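Every read-out reported here was derived from the displayed coordinates using simple, explicitly stated rules and does not represent laboratory data. Just so we're clear, the structure is a prediction, and the values are computed from it rather than from any experiment. Glycine also receives a Cβ, built like all others from the backbone with ideal geometry; neighbour counts cover every protein chain displayed.
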Amino acid sequence: MASGKRPEHLAPPEIFYNENEARKYTSNTRMIEIQLKMTERAVELIALPEDTPCMILDLGCGSGLSGETLTEQGHIWVGVDISKDMLDVAQEREVEGDLLLGDIGQGMSFRPGTFDGAISISALQWLCNADKKSHNPVKRLYTFFSTLYSSLSRGSRAVFQFYPENGEQVELITQQAMKAGFTGGLVIDYPNSTKAKKMFLVLFVGGQQQLPRGLGTVPGERGVPGQVSNTNARQRSKAARGKPLKKSRDWILEKKREKKKARKGDESRFKVHRQKKKRSLLK
């Protein structure tokens, strides 16, 4: 772009990704190649069981480029995007996934434990912007992460490749993810390379999981920021605020009350853009 500005500074995503931009994005050979590589890396970080078809949620699925990688690997997927024009292009391309039109910042109403994993390519940073007077990035991020947490099966992962504008955005995003119940942290590929460096937020749903090591880092080498774990910091923060630690009796009772409250009168905020399968995904 001639202005040099980030896309999220130019217009809200549903306006920026209009019909012209959606088609240009999908026909750009370089963009397709980058999207393919980042999706393959995201799927690798999810660590799905081998030779087992899984149900994957693609957040900010756009025109379905990342979804095609999921299809090629034998997985079933559901894509969510705020841009109708992007989803129209995906439908024209006859992608295999189910497509939902909606704003993830308003939360998602999928049935608990629906998905075996979630990926997102180049979308998460958009939630850090306040495109309307009613938008509060902190609240929108927490609403998004808390509803995502509920929709994922225990032991699963969510992986976000994103482009944070600064360290404050990274902290904001990770704080809200941990507050919503996730553990995990940042995985940075090729941290010392200007061009090849890629940042992934790898989140875990329950259980003890090892944070993957970033590509281009040396095992055991100090000072190489290939991993940034937020799990212990989250537990210390909870203890300091007097909140129950995860898996404690009080924590379990609190979660049961929250889920019971969430089930009452909860309606889907998403419009089905195109859904082939008969399986009911929404509450």
Additional length obtainable on full extension of the chain from Val138 to Ile34, 0.36 nm per residue less Cα span: 34.5 nm
- line: Going residue by residue through the stretch 191-205, the Karplus relation 6.51 cos²θ - 1.76 cosθ + 1.60 with θ = phi - 60° gives ³J(HN,Hα) values, rounded to whole Hz and with x marking Gly or Pro, of x, 9, 10, 5, 7, 8, 4, 9, 10, 10, 9, 10, 10, 10, 10
- prompt: In terms of modelled amide H atoms, which long-range or inter-chain residues lie less than 5 Å from the amide H of Gly184?
  reply: Phe204, Asn230, Thr231
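Please sort by residue number the trypsin sites (Lys or Arg not before Pro) in the stretch 143-223 whose DSSP state is loop and whose Cβ has at most 10 other Cβ atoms within 10 Å.
Hits after loop and neighbour filter: Lys195, Arg222.
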